[in-house]
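Have a look at the structure below before the remarks.
The values are calculated or read from the model by the stated rules, or taken from the named source; none is laboratory data. No experiment lies behind these values; they were computed from the predicted model shown. Cβ sites come from the backbone with ideal geometry, for glycine too, and all protein chains shown count toward neighbours. Each accessible area value is taken on the protein alone, full model and side chains, heavy atoms only, with ligands, DNA and RNA left out. Shrake-Rupley method; radii C 1.70, N 1.55, O 1.52, S 1.80 Å.
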Amino acid sequence: MADVQHDAASMQALLDKQKAAHLRDGAPSAEVRIERLDRCVGLLVENRAAIEKALNEDFGSRSPEATAFTDVAASIGPLQHAKASLRKWMKTERRKTSPAILGLFGAKAEVRYQPKGVVGVISPWNFPVNLTFTPLAGILAAGNRAMIKPSEYTPATSALMAQMFGGAFSEEEIVVITGGPEVGQAFAGLAFDHLIFTGATGVARHVMKAAADNLTPLTLELGGKSPVILGRSADVATAAARIMNGKTLNAGQICLAPDYVLAPKEKLETFVGEAAGAVKRMFPTLKDNPDYTAIVAQRHYDRIMGYIDDARAKGARVVELKPDGEDLTQQEHRKIAPTLIIDPTDDMKVMQEEIFGPVLPVKTYERVEDAIAYVNAHDRPLGLYYFGDDAAEREKVLGGTTSGGVTVNDVVFHVAQEDLPFGGVGPSGMGSYHGADGFREFSHRKAVYSQLKKDIGPLVQMRPPYGAGFRKYLDGAIKR
């Protein structure tokens, strides 16, 4: 299937076609949902090499292993989990009747999960395959159809996905829409039954405005500055290795990447040394090392380098972790060395904006309460990471902060748990998906109450003219 550019009229026609198909066919059976999920798994398995090639082309340098891990294998897991679980998720839930006496006489209260219809998916450039297929696990398990708008920053991968889905699904089931920001804006303005957007908070505001005209329900998966609180009881060597792994995976171009570290003042230099050692073990060289990913586009490269230059100009200590001492000023790709910004101040851009790159500010604290207060003085993040063995301190951090999710003694890992909801809070997002929570997010939870066939006394008493029996009921209901 050729890569087709779409305008507003053609996108509306595709939406109309999918909505008509949904009304015509009704809610799909479990078997149909499983078969659609199977087709998605097949696309990933059969196109692994093509996906690896396309993402390397889009990034300029991205290892096939990194893509196979983050975009292929990490997409298959949610799809397989949905396949194995959706029959259980689809079951009608019995609820208690109010007042309870109605249930004793045969009345029923229940929740039925109904497909919403057509779900729009706006996926980002950092993990374009994973952040298309992982939402699809919940969308298809819930019995919906989908229209997908992938990022224009990864054109080779977007075109490949259009070809993949076009060869395996009819336009009534799943269709991919390619194009630039204008197409994306028109896409967000379509009257979907639900829309999920993954990307930057600034763009999310425009998406939300576009969706508002149709009152389209939204799931927003955004980002923000996800902090690491390094407790005094933490094993600094292990913590540094795990933090730097999370910071250098995809060169930090991850919505959940650790954005900055809050470390006990007396452990600062130990952390810096361990971070340098961890980077050296993972990446003996950077420039021509395929395991170290390039920055996706020149404007993002310039933005990240601007953060470093701004911090240096304002007096921060900048530590470039270049194990081989390479000169990265002359290079084929847009690679930036892992860089620590020591003791940054809040007037530095690196502490004001989500970094989305391999730069890690490290601040210090005297008391953990000060670290918690710093986190709470800023926007609620998508993730928060605590390292330490002090259970009381851990609970103080978890109870005293608000974030989309938390990983304890590692970073990012909570997103990989199929049975945990993934989502943000406030500026880092709204709604959540993954596993059963994704099924519910993309389903309409229909409340159904079935009344008694026979009019019993309590039902009759609730109608005028009101008598002594109804007044007695009210006296009993209105009390502490």
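Key figures
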{"quantity": "Residues (without any contact (Cβ under 8 Å) to a residue 60 or more places away in the chain, among the small types (Gly, Ala, Ser) and surrounded by 16 or more Cβ atoms within 10 Å (Cβ to Cβ)) located in region 319-363", "calculated": "Ala337"}
{"quantity": "Any hit, region 368-378, residues being in contact with a Pro (Cβ under 9 Å, 6 or more places away or on another chain), surrounded by fewer than 18 Cβ atoms within 10 Å (Cβ to Cβ) and at negative phi", "calculated": "yes"}
{"quantity": "Residues of region 51-64 satisfying the condition of being over 26 Å from Gly435 (Cβ atoms) and either open to solvent by less than 20 Å² (accessible area, probe 1.4 Å) or acidic (Asp, Glu) (or both)", "calculated": "Glu52, Ala54, Glu57, Asp58, Phe59, Ser61, Arg62, Ser63"}
{"quantity": "Of all residues making up region 328-365, the number that are of a type in the set (Val, Ile, Thr) and touching a strand residue (DSSP E or B) at 6+ places or on another chain (Cβ under 7 Å)", "calculated": "7"}
{"quantity": "Where a residue in region 462-474 is assigned to a helix (DSSP H, G or I) and its partner, wherever it lies, is exposed (fewer than 10 other Cβ atoms within 10 Å of the Cβ), with Cβ under 8 Å and at least six apart", "calculated": "Gly469/Gly457"}
{"quantity": "Among residues of region 65-107, those that are at pLDDT 95 or above, loosely packed, with under 13 Cβ neighbours inside 10 Å and not in a helix (DSSP H, G or I), counted", "calculated": "5"}
{"quantity": "When residues of region 366-417 are limited to those that are under 23 Å from the mean Cα position of the chain (by Cα) and of a type in the set (Asp, Glu), the one farthest from Gly77 (Cα to Cα)", "calculated": "Asp379"}
{"quantity": "Single match in Val415, Val406 (criterion: closer than 30 Å to Tyr113 by Cα, open to solvent by less than 80 Å² (accessible area, probe 1.4 Å), without any contact (Cβ under 8 Å) to a residue 24 or more places away in the chain and not acidic (Asp, Glu))", "calculated": "Val406"}
{"quantity": "Residue list for region 32-41, filter: within 9 Å of Leu140 (Cα to Cα) and open to solvent by 30 Å² or more (accessible area, probe 1.4 Å)", "calculated": "Ile34"}
{"quantity": "Residue among Gly424, Gly399 that is of a type outside the set (S, T, N, Q) and closer than 24 Å to Phe133 by Cβ", "calculated": "Gly424"}
{"quantity": "Within region 2-20, tally of residues that are among the hydrophobic types (A, V, I, L, M, F, W, C), modelled with pLDDT under 95 and surrounded by 12 or more Cβ atoms within 10 Å (Cβ to Cβ)", "calculated": "2"}
{"quantity": "Region 21-31 - residue that is without any contact (Cβ under 8 Å) to a residue 40 or more places away in the chain and in a helix (DSSP H, G or I) and, of those, least open to solvent (accessible area, probe 1.4 Å)", "calculated": "Asp25"}
